[in-house]
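Just below is one structure, and these are the notes that go with it.
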Amino acid sequence: MSVAALSFAIFAASQVGTPGPANMALMTTGAAHGLRAALPFVAGVALGKQLIIWPAGFGLMELAVRYPWAFEALKWVSAGYIIWLAWRVANMRLALKGRAKAPGFLAGLIVHPLNPKAWAMITGGFTAFTAPGTPALQATVTIAAILLATQIVLHPLYTWGGSLLAQHVSGTAAERYLMWTLAALTVASVLFVLFGGGTT
C-alpha cells in the first residue's frame, strides 16, 4: 500500500512543465512585471495547489461524484477568472512596470483552485498512482510534496521566461503584440482545457 512516487513525479513534471492556463498566467505576469515583482504571485500559484490536494486526499472527490454540477460550475468560473487575468495583463504595457502593481500572493493562491485541469491532475494522482488501501495521510503527503517540489522549480522558470521576452520588446512596436499573444495563448489554453483536455 503506497504511492508510485517516481512514476507520479514524472507525470507531475510533464504536467506542470508544459503550457497551460497557470503557466501562461505566470509567463504573462513575468512579462508585465519582471520575475522579482512577480514572486509573491508565483508563490501563491505554487501553494494554491495545496488547497486542492489536501481536501481531495481526505475525501472531497467523493463529493464530486455526488454533486457533479458543482464541479462543472467550478470549471466555468475558473475559466472566467483566468481569462480575466489574461485580459488584465494584455492591456498592460511593459514601460509602465514601475507604476503598475503586480498581482500578489492572494491572486496567485486562487489560480489552481479555479483551474479545472489542476483538479483533474490531482484526482489522477490519487487514482492512478496510489495503491488501494494506502492511508490517506501517506498518499496526500506524497502527492503534495512531489507537486510542490515540481512547482518550486518550474513555475519561476515560466515567469522568468516571460520576463526575458519582455526585456527584448519593452518600448518597441512588438510590445503590444507580445502581450496580446501571451494573453491569447492563455485563453487558448483555457479553451483547450475546457473542450479538449490539456495541462495546468
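Quick notes on this structure:
- Residue match in the range 29-42 (condition: among the basic types (Lys, Arg) and in contact (Cβ under 8 Å) with a residue 40 or more places away in the chain): no
- Across the range 88-124, the number of residues qualifying as within 25 Å of Leu191 (Cβ to Cβ) and modelled with pLDDT under 80 comes to 14.
- Check on Gly198, under 19 Å from the mean Cα position of the chain (by Cα), of a type outside the set (A, V, I, L, M), at pLDDT below 75 and within 19 Å of Met27 (Cα to Cα): yes
Quick grid of which residues meet (1) at pLDDT below 85; (2) closer than 25 Å to Ala128 by Cβ:
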{"residue": "Gly17", "(1), (2)": "yes, yes"}
{"residue": "Pro40", "(1), (2)": "no, no"}
{"residue": "Gly48", "(1), (2)": "no, yes"}
{"residue": "Glu62", "(1), (2)": "yes, yes"}
{"residue": "Arg66", "(1), (2)": "yes, yes"}
{"residue": "Ala86", "(1), (2)": "yes, no"}
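This table checks each residue for (1) in a helix (DSSP H, G or I); (2) among the β-branched types (Val, Ile, Thr); (3) under 14 Å from the mean Cα position of the chain (by Cα).
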site: Ala9; (1), (2), (3): yes, no, no
site: Ala13; (1), (2), (3): yes, no, yes
site: Thr28; (1), (2), (3): yes, yes, yes
site: Ala31; (1), (2), (3): yes, no, no
site: Ala46; (1), (2), (3): yes, no, yes
site: Ala56; (1), (2), (3): yes, no, no
site: Gly59; (1), (2), (3): yes, no, no
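The values are calculated or read from the model by the stated rules, or taken from the named source; none is laboratory data. Since the model is a prediction, treat every value here as computed from it, not as a measurement. Backbone-built Cβ (ideal geometry, glycine too); neighbour counts: all protein chains shown.
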